[in-house]
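Trainee: Okay, here's the structure, questions in a sec.
The values are calculated or read from the model by the stated rules, or taken from the named source; none is laboratory data. Fair warning: this is a prediction, and the values are worked out from it, not measured in the lab. As a convention, Cβ positions derive from the backbone with ideal geometry for all residues, glycine included, and neighbour counts pool all protein chains shown.
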């Protein structure tokens, strides 16, 4: 289980976009993320008439390492550390592993 998943709202804690917030669009291999509106770069694109793609310079999100971001705690509105713990299940079911914020012990995702 990963500390940051697709769809989470994060805050950048290091780098040129420090302080920006965004939603995780995709998690990539080797602990990298694509975050909406964060780490924007200019990409030069050649026109391709077969796919009706126009050429020019486009803005797109570049990958950012997971160590440079932190999960946003909606209660405090600040970046927070994430931990794991097990919730007791009813009956014979095994305990469920969940993520929680370390500052206030609030569970992030209960499904």
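Trainee: Looking at the stretch 48-73 only, could you name the residues that are surrounded by 12 or more Cβ atoms within 10 Å (Cβ to Cβ) and not in a strand (DSSP E or B)?
Mentor: 62, 63, 66, 68
Trainee: Given the options 98, 45, name the one that is surrounded by 11 or more Cβ atoms within 10 Å (Cβ to Cβ) and more than 20 Å from the chain's Cα centre (by Cα).
Mentor: 45
Trainee: Name every residue in the stretch 4-19 that is under 17 Å from residue 65 (Cβ atoms) and surrounded by fewer than 16 Cβ atoms within 10 Å (Cβ to Cβ), in order of residue number.
Mentor: 5, 6, 13, 14, 15, 16, 18, 19 - these are the residues of the stretch 4-19 that are under 17 Å from residue 65 (Cβ atoms) and surrounded by fewer than 16 Cβ atoms within 10 Å (Cβ to Cβ).
Trainee: Would you confirm whether or not the stretch 20-31 contains a residue that is in a loop (DSSP other than H, G, I, E, B), at negative phi and modelled with pLDDT under 95?
Mentor: Among the residues of the stretch 20-31, at least one is in a loop (DSSP other than H, G, I, E, B), at negative phi and modelled with pLDDT under 95, which makes the answer yes.
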